[in-house]
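Each remark here refers to the structure printed beneath this line.
The values are calculated or read from the model by the stated rules, or taken from the named source; none is laboratory data. Just so it is clear, the model here is predicted, and its values are computed rather than measured. Cβ placement follows ideal geometry from the backbone for every residue including glycine, while neighbour counts extend to all protein chains displayed. All accessible areas refer to the heavy atoms of the entire protein, side chains included, with ligands and DNA or RNA removed. Shrake-Rupley method; radii C 1.70, N 1.55, O 1.52, S 1.80 Å.
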Amino acid sequence: GRPAVTRRETGEKSRAAVAIQLGPPYRLERASSLREAVARTMIASAATPIFRVTAQLPLDSLAKQAAERQQSFTLLLARACALTITAHPLFNTAYTPDGLVRRDRVDIAIAVDSGDGLITPVLRDAAERSMAALEQEWASLRANVKTRRLAPADYSGATFYLSNLGASSIVYAFDSIVPVGASAILSVAASRPHGALCTLACDHRVVFGADAVRFLETLALQLKDPARLAI
């Protein structure tokens, strides 16, 4: 029989309905504004030439410190990334047709599942501010994610992205798309006896393979001595 299509508009079928007309009955519903925003971002990012480097990084010391001091593991990881970027400022750079945009501040976006889709609240000046200040800001951002009170300024303009799925023990490895305006995103899987598989996806117009290797080597040193992250 004909697909059961619920639409406000009249007239010809949408292209989506035509594409799936041979399948089971369906309903056409508008995506949430958040999912629409994510879709636009992914479409814009699709043209970025990306390469990926995967490394096995030590996370046990970081996890131990987070548990002992009741700190956010993801926040400590973001801090480690920020300090690593200060040693490798190319990762704080974005490509534009007019040239490379070199930022003077490290703003780290952290992927969070809002329940309605992925959102990336941004920690501003993550390398220079104190851990106490970052903890306070991160708590506020997480609370605003839960209550859906994030303003666009809270999730825009990041210079580097972090996606951590390590809380799920079944995630062996994964990678992510580099958002427009950044040169890299780090994807962190679950920790194993010899470390976690972490994939650094990079914009090849800005970063080369050797740059990515040096970044991951410095990050590994940061993670082995997490007490330095508070300094």
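Observations
- Cα-Cα separations in the chain greater than 33 Å, expressed as whole percent: 24 percent
- 10 Å Cβ shell holding at most 10 others, DSSP loop, GluC sites (Glu not before Pro): longest site-free stretch of the chain: 30-231
- In this Cβ point-charge picture (+1 for Lys and Arg, -1 for Asp and Glu), the chain has a dipole of about 640 debye about its Cα centre.
- Summing +1 for each Lys or Arg and -1 for each Asp or Glu among the other residues whose beta-carbon sits under 12 angstrom from that of residue 212 gives -1.
- Selection from 28, 65, 172, by position along the positive dipole direction of the chain (Cβ): 28
- For the chain, the per residue solvent-accessible surface stands at 56 Å², with DNA, RNA and ligands left out and a 1.4 Å probe.
- Summing charges over all other residues whose Cβ lies under 9 Å from the Cβ of residue 159, with Lys and Arg as +1 and Asp and Glu as -1, gives +1.
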